[in-house]
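Accompanying notes for the structure given below.
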Amino acid sequence: MENCDEAGLSTRFGGRVMKIVVLAASAQSKSVNKNLAAHIATQLAGRYGSEVVLPDFKQFTMLAYDGDFEAEVGVPEGAAQLAEALQGADALVLCAPEYNGGISGALKNAIDWVSRLQPHPFARLNILLTGASPGGLGAVRGLWHTRVPLEALGAHVYPDMFGLGRATGAFGADGSLQDPGIQRQLDGILEGFVAHVKRHRNG
Ligand SMILES: Cc1cc2nc3c(=O)[nH]c(=O)nc-3n(C[C@H](O)[C@H](O)[C@H](O)COP(=O)(O)O)c2cc1C
């Protein structure tokens, strides 16, 4: 892999490297979104020299939003842990599955619970939306729905999105994307996003 400093792709700024959380919003172990998240994490760490955190969504267990529970107990531990994972991050890359043409219930529920914390970590957070699905549309319809609550919470959701269709066979045994054209498309989006985050965090 090329040296990120020589290639002008380094995510070093203000005397430190950019910290990016890459989160696959899927609990299942054989997850195409986890495959995509692992690949993006490898790219961000290797090509851009970022500090990457790759949490497991399954660790953030929480009941469906319940106002009585919140009044009596507070925000569930899983939601508090998710908020903590996002705290101090310069950016979040979300790899989100599409359910019935929209956002998955588990992800929307997690966003709703985390939003109950004051302050919550989505305000002004730079977010790149990506998604993968075994079908041809690559979860993009779900990404449009995912954008709505995040923008409502004041996140800076990057305009471009990346949807990976036919994702079940898209990765080789080493985790790399098999189609060079799709890899180039992802490179372009990641490059634009990290440059955008750098400008935003510097300014
Ligand atoms: C309730 C449900 C609804 C789904 N709806 C869609 C859909 O609208 N579009 C789509 O491309 N895939 C849909 N799928 C298939 C998912 O894309 C597939 O299960 C995928 O593997 C989920 O991502 P993951 O592997 O990262 O968990 C749906 C799956 C479930 C369980």
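The values are calculated or read from the model by the stated rules, or taken from the named source; none is laboratory data. All values reported here derive from a predicted model rather than from experimental measurement. Every residue, glycine as well, gets a Cβ built from its backbone with ideal geometry; the counts of neighbours run over all protein chains shown.
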Boolean, Val17 is touching a strand residue (DSSP E or B) at 6+ places or on another chain (Cβ under 7 Å), of a type outside the set (Ser, Thr, Tyr) and closer than 18 Å to Phe162 by Cβ: no
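Among Leu153, Leu177, Leu128, Leu143, which is away from the ligand (no atom under 16 Å from the Cβ), in contact with a strand residue (DSSP E or B) (Cβ under 7 Å, 6 or more places away or on another chain) and either within 19 Å of Leu44 (Cβ to Cβ) or modelled with pLDDT of 95 or more (or both)?
Exactly one of Leu153, Leu177, Leu128, Leu143 is away from the ligand (no atom under 16 Å from the Cβ), in contact with a strand residue (DSSP E or B) (Cβ under 7 Å, 6 or more places away or on another chain) and either within 19 Å of Leu44 (Cβ to Cβ) or modelled with pLDDT of 95 or more (or both), namely Leu128.
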Residue within segment 91-108 that is over 15 Å from Ala24 (Cα atoms) and in a helix (DSSP H, G or I) present: no
Selection from segment 44-69 of residues that are under 20 Å from Phe162 (Cα atoms), surrounded by fewer than 21 Cβ atoms within 10 Å (Cβ to Cβ) and out of contact with any helix residue (DSSP H, G or I) (no Cβ under 6 Å at 6 or more places or on another chain): Ala45, Gly46, Arg47, Val53
Lone unmet requirement of (1) touching a strand residue (DSSP E or B) at 6+ places or on another chain (Cβ under 8 Å); (2) at pLDDT 95 or above for Glu84: (1)
Given (1) more than 16 Å from the ligand (Cβ to nearest atom); (2) crowded, with 22+ Cβ neighbours inside 10 Å; (3) not in a helix (DSSP H, G or I), number of the condition Trp113 does not satisfy: (3)
Pair list, Cβ < 8 Å and 6+ apart or interchain, from segment 125-142 residues that are under 13 Å from Asn100 (Cα atoms) and in a loop (DSSP other than H, G, I, E, B) to residues that are near the ligand (Cβ under 8 Å from one of its atoms) and of a type in the set (Asp, Glu): Ser133/Glu98; Leu137/Glu98; Ala139/Glu98
One residue from Gly101, Gly135 being at positive phi, near the ligand (Cβ under 8 Å from one of its atoms) and loosely packed, with under 15 Cβ neighbours inside 10 Å: Gly101
Residues of segment 83-98 that turn out to be more than 16 Å from the ligand (Cβ to nearest atom), in contact (Cβ under 8 Å) with a residue 24 or more places away in the chain and either closer than 19 Å to Lys58 by Cβ or among the charged types (D, E, K, R) (or both), as a count: 5
Residue that is nearest to Asp179 (Cα to Cα) [pool: residues in segment 24-55 that are near the ligand (Cβ under 9 Å from one of its atoms) and outside any helix (DSSP H, G or I)]: Ser31
Number of positions in segment 156-168 that are more than 16 Å from the ligand (Cβ to nearest atom) and farther than 19 Å from Asp187 by Cα: 1
Qualifying residue in segment 9-32 (condition: surrounded by fewer than 20 Cβ atoms within 10 Å (Cβ to Cβ), closer than 14 Å to Ala132 by Cα and out of contact with any helix residue (DSSP H, G or I) (no Cβ under 7 Å at 6 or more places or on another chain)): yes
